[in-house]
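Asker: This is the structure I have questions about; it appears just below.
The values are calculated or read from the model by the stated rules, or taken from the named source; none is laboratory data. Predicted, not measured: the structure shown is a model, and the values here were computed from it. When we count neighbours, we look across all protein chains shown, and the Cβ atoms used for this are built from the backbone with ideal geometry, even at glycine. Only protein heavy atoms, including side chains, enter the accessible area calculation; ligands, DNA and RNA are left aside. Shrake-Rupley method; radii C 1.70, N 1.55, O 1.52, S 1.80 Å.
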Amino acid sequence: MRSRPAYLGIALASAATLMLEVLLTRLSSVVVWYHMAFFVIALGMLGMTAGAVWVFLYGRALAGARALGAMVEASMAFAVATPIAVGLALSLPVRPITDVASFGWTLLYGGLLAVPFAIVGVVVTLGLTRIGLPPSRAYAADLLGAAVGAAGIVPVLDVVDAPSAVFVVGAVAAAGAVALRTAAVPVAGRGRRLGGPFAFAVPAVLLVLAWANGAVHRPLLRPMWVKGEPEDPDTLAYDGWNTYSRVTVSTLRRAPPALWGPSYKTPKDLLAPIPQRSVQIDGAAGTAMARLDLAGGTPDPSDLADHRYLEWDVTTFVHRLRPTGPMAVVGIGGGRDVLEAARVGHAPVVGIELNDLIVGLHEGPFRDFSGLAYLPGVELVAAEARAFLARDGRRYDAIVMSLIDTWAATGAGAFSLTENGLYTMEGFRIFLERLSPHGIFTVSRWYKPDTPGETGRMLSLAMETLWRMGADDPRRHIALLQSMSVATLLVAREPFTDADLDLLQREAVRLGFSMVLTPRKLPVHPTLRAIVTQPSSEALAAWAASQPLDFSPPTDDRPFFFNMLRPSDWLADPRRAEALDHTFLGNLRATQTLVGSTAIALLLTGLFVFVPLVGRRSTLRSVGGGVVAGAGLYFSAIGLGFMLVEMALLSRLSVLVGHPTLALAVLLGGMILAAGLGSLASGRLDASRQLVVWLPAAAVVACLAVVAAAMPRAATHLEGAALGTRIAAAAGIVALAALPMGTCFPVGLRLLDRVPGGAELGPWMWGLNGAFGVVASGVGLGLAMAVGTRAALLCGAACYLVLPLAAAMLWRRGAGRSADAAGTSASATDAGA
């Protein structure tokens, strides 16, 4: 066997696996909701575990050339099955889980996506255990490929759309099959059936399909259903993808101006139909792009006057108080906030937009339609708002953040486009610090009169932030106006003056907006009144703890602004949650959907992992119940702890890095690589010495304690740092956590190998480890939502405290065996780390 092509084949299979895992988080965010990003991570672990279990049960006869031939076939099957499985999944009408039918569709969706991972699990397991390569080098190839794949999908998505990138993943896997085929001298056994010309042609064919799928108007592989509704490509004038969103622009239509919170006094002549397009992010969050007619490309005041209807939207009220001076707009969207700022006379107007596709629309294909790029004094910046404003030296008279949510943050607080990071005390503090002394920060959120959940939490967040910035009486800095289903909060850097309040009252009456709260007027609604009449931060916290919804001010440690459902209500009747929220938002319902997704993960775990392993129960009996119990406790704790840490880090790193897909790539690639290095380094530990066996667990707990303390400080000090610096810091944090965690699994296998017959349990423990990791993906997010990411991280560390007890049980059973006599079987299954 030629070793170099074999290593390359293993690396390419692992790279394709991680590319697919990151890619499916993006596709699932479009087709379903953002909590599915965590579900996909669980599916990847579940499928890989199922593949390993298959080798354990049915692969005894596969070794050497026969195993290599099976790897070739499985790699090619992975390449072909991936587009098929993903295409079938994208055709399903998956909806939020509210009944048995929606549960069934989600179960089918998850089962289809698990198939490719199960196939590639066979490839990796055979490569690491059955073809005779040195385990340390084979594992190094596996880890290097996985790390490259996790980062490599990012530039791929900058070239092709996400559905077409599925074919690219298949091409990488097929290239791995070709490499494995050339490793044999000569190709023997079952691998010969594939034939040379066919094997070499498959990667090229899949790359051609990737290009063709993205080039046609009705691609074969595309989301057929988006958020439970069918999608027609003929209604789209633009369809763009990047690493963290899908942006679509509708065909031209004439309709009344789109207003979020229109006044009942809006003049009817201003509501005449105008040319506009609908811009949607991930098929759910929509905004309007109105046409700005410019004569010969030269802006004229009369052009902006055509959009005077924006004055009658409550979200733009800050311009009545601060009509001039520098202004920042957080979230450009269709451009309405930038248009209004330019219309009333602000200069400069800095539009800050995380999504570079949105900026590209206004500077590229729709430049002549929206007209923003032609307006003097308008600056469009593609950046994360918190980081940009933290390093921007300018002061602004107004900062506007109107309904900034693509519903990314509604998906159980999972895969947000940093929106959760905007609605925290740390985020609000940055915005207020960037104001001029007489500046105003304005935020608009949805308002439901009988249960003003989001509005109440927004008010609580402003009060707490002002207290922490030294304000004696936060009420003097705050005003709240409302129209229709939208409330607009105005937060002044310094207390509002009497002149400000007089002007506010006159303009609110003229425009027909309800003054819910001003320094001169308390709210009528008892919840809002209770929030603003709390005398201190401590009193506000005590009051919030007693409420049915969570009104506590979000922090970067617990940044789930949109998820206000208490854990005690996560299993309540979904209709009760919907009654507390606007049905079209689904913020509270999404939390309950997370519980359903975790239940599906449990069901699939039993189906793919535990049921097949029953066939080897005789092996379990021969080893002994005490060994099985000790080993099961050890490897279950590792699986649970590892994923709890991973979920907590992902929630926190999304805020630190700013870009969620980049955060996921850094997390997955960094954890895999660092854990692998730890696994390789663990070979220097002497498993025959009991004290040495306890060292990895102690190192994990110590490093995780350092990470828990360091993450908040890193986020504070790096607020204004460049993206590359924040990514480097995130990678360092991940490495510190994962390096010692990677030592625990191989040490456990070496302990198990010391027990007579214990080596036979290796694949079973791998399956048990993966099963608990699947469950932990949902549990970890739930813990972060309930008690914070730091607490979830420490819960993961606590799991590793169980390892010394379990290790002692195994060490006593194998005390008579020499560590050197344990053989190499444990090393051969190090991939479980």
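Asker: Looking only at the range 355-368, how many residues end up being open to solvent by 20 Å² or more (accessible area, probe 1.4 Å) and among the hydrophobic types (A, V, I, L, M, F, W, C)?
Answerer: 1
Asker: Would you check if there is a residue in the range 286-296 being without any contact (Cβ under 8 Å) to a residue 40 or more places away in the chain, more than 29 Å from Met224 (Cα to Cα) and assigned to a loop (DSSP other than H, G, I, E, B)?
Answerer: yes
Asker: Just need a number here: residues in the range 428-457 that are buried (at least 24 other Cβ atoms within 10 Å of the Cβ), modelled with pLDDT of 90 or more and small (Gly, Ala, Ser).
Answerer: Residues in the range 428-457 being buried (at least 24 other Cβ atoms within 10 Å of the Cβ), modelled with pLDDT of 90 or more and small (Gly, Ala, Ser): 3 in total.
Asker: Of (1) modelled with pLDDT of 90 or more; (2) buried (at least 16 other Cβ atoms within 10 Å of the Cβ), Ala284 satisfies all except one. Which?
Answerer: Unmet condition: (1).
Asker: Does Leu304 meet the test of being modelled with pLDDT under 85 and buried (at least 16 other Cβ atoms within 10 Å of the Cβ)?
Answerer: yes
Asker: I'm trying to understand the selection: among the residues of the range 136-158, which are more than 13 Å from Met671 (Cα to Cα), of a type outside the set (D, E, K, R) and surrounded by fewer than 23 Cβ atoms within 10 Å (Cβ to Cβ)?
Answerer: Ser136, Ala140, Gly152, Val154, Pro155, Val156, Leu157
Asker: Tell me which of these Leu221 doesn't satisfy, since it passes every other one: (1) in a strand (DSSP E or B); (2) closer than 26 Å to Ala85 by Cβ.
Answerer: For Leu221, the failing item is (1).
Asker: Follow-up. Would you mind stating whether Gln505 is modelled with pLDDT of 95 or more and either surrounded by fewer than 15 Cβ atoms within 10 Å (Cβ to Cβ) or not in a loop (DSSP other than H, G, I, E, B) (or both)?
Answerer: So Gln505 passes the test.
Asker: Continuing with the same structure: Among the residues of the range 484-517 satisfying the criterion of being among the acidic types (Asp, Glu) and without any contact (Cβ under 8 Å) to a residue 40 or more places away in the chain, which is nearest to Ser402 (Cα to Cα)?
Answerer: Looking at residues that are among the acidic types (Asp, Glu) and without any contact (Cβ under 8 Å) to a residue 40 or more places away in the chain, I get Asp502.
Asker: Which members of the range 307-343 meet the condition of being farther than 15 Å from Trp260 by Cα and hydroxyl-bearing (Ser, Thr, Tyr)?
Answerer: Residue satisfying the conditions is Thr324 alone.
Asker: Out of all the residues in the range 706-737, which are among the basic types (Lys, Arg), open to solvent by 40 Å² or more (accessible area, probe 1.4 Å) and either touching a residue at least 24 places away in the same chain (Cβ under 8 Å) or touching a helix residue (DSSP H, G or I) at 6+ places or on another chain (Cβ under 7 Å) (or both)?
Answerer: none
Asker: Might you let me know whether the range 327-335 holds any residue that is part of a loop (DSSP other than H, G, I, E, B), in contact with a helix residue (DSSP H, G or I) (Cβ under 7 Å, 6 or more places away or on another chain), open to solvent by less than 10 Å² (accessible area, probe 1.4 Å) and at pLDDT 90 or above?
Answerer: Yes, because at least one residue in the range 327-335 is part of a loop (DSSP other than H, G, I, E, B), in contact with a helix residue (DSSP H, G or I) (Cβ under 7 Å, 6 or more places away or on another chain), open to solvent by less than 10 Å² (accessible area, probe 1.4 Å) and at pLDDT 90 or above.
Asker: Here is a further query. Looking at Gly748, Gly669, Gly658, can you tell me which residue is at positive phi, surrounded by 18 or more Cβ atoms within 10 Å (Cβ to Cβ), out of contact with any Gly (no Cβ under 7 Å at 6 or more places or on another chain) and at pLDDT below 85?
Answerer: Gly658
Asker: Further, regarding this structure: Considering only the range 188-201, I want to know if a residue exists there that is at pLDDT 85 or above, open to solvent by 30 Å² or more (accessible area, probe 1.4 Å) and part of a helix (DSSP H, G or I).
Answerer: yes
Asker: Being open to solvent by 20 Å² or more (accessible area, probe 1.4 Å) and under 18 Å from Val80 (Cβ atoms) is the filter here; which residues of the range 123-135 pass it?
Answerer: none
Asker: Filter the range 476-502 down to the residues that are part of a loop (DSSP other than H, G, I, E, B) and touching a Ser or Thr at 6+ places or on another chain (Cβ under 9 Å) and list them by number.
Answerer: Once the filter is applied, which keeps residues that are part of a loop (DSSP other than H, G, I, E, B) and touching a Ser or Thr at 6+ places or on another chain (Cβ under 9 Å), the range 476-502 yields Met484, Arg493, Phe496.
Asker: Which residue is surrounded by the most Cβ atoms within 10 Å (Cβ to Cβ), if the candidates are limited to the range 80-108 and must be modelled with pLDDT of 85 or more and not aliphatic (A, V, I, L, M)?
Answerer: Thr82
Asker: Here's another thing I want to ask about it. Applying the selection to the range 418-461, what residues are more than 28 Å from Val524 (Cβ to Cβ) and of a type in the set (S, T, N, Q)?
Answerer: Residues satisfying the conditions are Thr418, Asn420, Thr424, Ser436.
This table checks each residue for (1) among the hydrophobic types (A, V, I, L, M, F, W, C); (2) closer than 30 Å to Leu649 by Cα; (3) open to solvent by 10 Å² or more (accessible area, probe 1.4 Å).
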| residue | (1), (2), (3) |
| --- | --- |
| Ser514 | no, no, yes |
| Val524 | yes, no, yes |
| Ala530 | yes, no, yes |
| Ser536 | no, no, yes |
| Ala541 | yes, yes, yes |
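Asker: Take the residues in the range 357-390 that are assigned to a loop (DSSP other than H, G, I, E, B) and under 24 Å from the mean Cα position of the chain (by Cα); name whichever of them is nearest to Asp556 (Cα to Cα).
Answerer: Glu384
Asker: May I ask you to verify whether Ile358 is at pLDDT 90 or above, of a type in the set (A, V, I, L, M, F, W, C) and closer than 30 Å to Leu157 by Cβ?
Answerer: Yes; evaluated as a whole, the condition is true for this residue.
Asker: If you don't mind, there's one more thing I want to ask. Please determine whether any residue of the range 246-268 is under 26 Å from the mean Cα position of the chain (by Cα), of a type in the set (Ser, Thr, Tyr) and buried (at least 17 other Cβ atoms within 10 Å of the Cβ).
Answerer: yes
Asker: Report the residue count in the range 216-239 for those that are open to solvent by 60 Å² or more (accessible area, probe 1.4 Å) and within 25 Å of the chain's Cα centre (by Cα).
Answerer: Of the residues in that region, 5 qualify.
Asker: Can you name every residue in the range 458-502 that is surrounded by fewer than 15 Cβ atoms within 10 Å (Cβ to Cβ) and on the phi > 0 side of the Ramachandran plot?
Answerer: Listed by number, the list holds a single entry, Gly470.
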